[in-house]
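Structure, as structure tokens:
The values are calculated or read from the model by the stated rules, or taken from the named source; none is laboratory data. Note that the coordinates shown come from a computational prediction; the quantities given were computed from them, not determined experimentally. For neighbour counting, all protein chains shown are included, and Cβ atoms are generated from backbone atoms with ideal geometry for every residue, glycine included. Areas reflect the complete protein model, heavy atoms only, side chains present, ligands, DNA and RNA absent. Shrake-Rupley method; radii C 1.70, N 1.55, O 1.52, S 1.80 Å.
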Amino acid sequence: MIIVLLGPPGAGKGTQADRLAARLGIPKIATGDVLRAALRDGTPRGKEAKAFMDRGDLVPDSVILGILQDVMNSPATAKGAILDGAVRTVPQAEGLGIMLAEIGKKVDKVLLFDVDDEELVKRLSTRTVCEGCQTPYMGRLPGSECEKCGGRLVRRKDDEPEAIRNRLEVYRSQTEPVIDWYKDQKMKVTKVDADAPVDEVTARALEALGESESGVKT
Ligand code: AMP
């Protein structure tokens, strides 16, 4: 099953993608994580993406489609994938559809995580992430230790106020049109109210996917 997660920055897509991946037994593919790893490793892809990411702008579609091509043709995604923030423009949605059709696959479900702007800004401006495993934390100070891997918590450069504002604007202008694009393709886009405790949002997301918490298909 190939699941596309849409939603503004700070809506909790990454956290929910991890949980859904564990629950459904398919990998999470977060283009943001792939790009940050490329940046750390100093690859050409990372170097190309850096300035865009620091400003909170989208990296060019060609870079993202290159990543998606690698990922979707890898044995790791043979059973499916949860695409977290991997489709943020209409050309990306179109490109993904074409590359999946070439290998006899398609996007099966689209979930839209929905949260008010005020709450998003609050979440992003108090967020730190582990520089090792990328786990996000709310309200923990930079320099604290990651509970999962012992790594150091840092603030992301694109969680500074100016970049946050820009990322929300970019979401409205470039990513929201993807919702209508999927609807035009006769795909159902299921809205998940993500302004709730993490467990509750996971339960809502599983329900939207037709999976119950107990593991029985609904
Ligand atoms: P994220 O970790 O999902 O918040 O992504 C961090 C940054 O990576 C974004 O602000 C963009 O600069 C870049 N990025 C990640 N995914 C995409 C995408 N699908 N299209 C364009 N840029 C992306």
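Remarks
- Of all residues making up the range 85-96, the number that are open to solvent by 10 Å² or more (accessible area, probe 1.4 Å) and more than 7 Å from the ligand (Cβ to nearest atom): 4
- Hits in the range 70-84 (condition: within 13 Å of the ligand (Cβ to nearest atom) and part of a helix (DSSP H, G or I)): V71
- Residue match in the range 169-192 (condition: touching a strand residue (DSSP E or B) at 6+ places or on another chain (Cβ under 8 Å), acidic (D, E) and within 13 Å of the ligand (Cβ to nearest atom)): no
- Set A17, A11, A30, A49: member being among the aliphatic types (A, V, I, L, M), near the ligand (Cβ under 9 Å from one of its atoms) and under 23 Å from D180 (Cα atoms): A30
- Subset of the range 148-167 that is assigned to a loop (DSSP other than H, G, I, E, B) and either of a type in the set (G, A, S) or touching a strand residue (DSSP E or B) at 6+ places or on another chain (Cβ under 8 Å) (or both) - its residue that is nearest to R55 (Cα to Cα): R156
- Checking each residue in the range 168-203 for being open to solvent by less than 80 Å² (accessible area, probe 1.4 Å), within 16 Å of G10 (Cα to Cα) and in a helix (DSSP H, G or I) picks out L168, V170, Y171, T175, E176, V198, V201, T202.
- Failed condition for D84, given (1) acidic (D, E); (2) out of contact with any Leu (no Cβ under 9 Å at 6 or more places or on another chain); (3) modelled with pLDDT of 95 or more: (2)
- Annotation: E118 fulfils all but one of (1) charged (D, E, K, R); (2) touching a Pro at 6+ places or on another chain (Cβ under 7 Å); (3) surrounded by fewer than 18 Cβ atoms within 10 Å (Cβ to Cβ); the unmet one is (2).
- Any chance I64 is assigned to a loop (DSSP other than H, G, I, E, B), open to solvent by less than 30 Å² (accessible area, probe 1.4 Å) and either away from the ligand (no atom under 12 Å from the Cβ) or out of contact with any strand residue (DSSP E or B) (no Cβ under 7 Å at 6 or more places or on another chain) (or both): no
- Annotation note: Cβ proximity below 7 Å between a residue of the range 20-38 that is part of a helix (DSSP H, G or I) and a residue that is open to solvent by 20 Å² or more (accessible area, probe 1.4 Å) and within 11 Å of the ligand (Cβ to nearest atom) (sequence gap 6+ or interchain) occurs for D33/Q134; L35/M53.
- Residues (surrounded by 13 or more Cβ atoms within 10 Å (Cβ to Cβ) and modelled with pLDDT under 95) located in the range 152-164: R155, R156, D158, D159, E160, A163, I164
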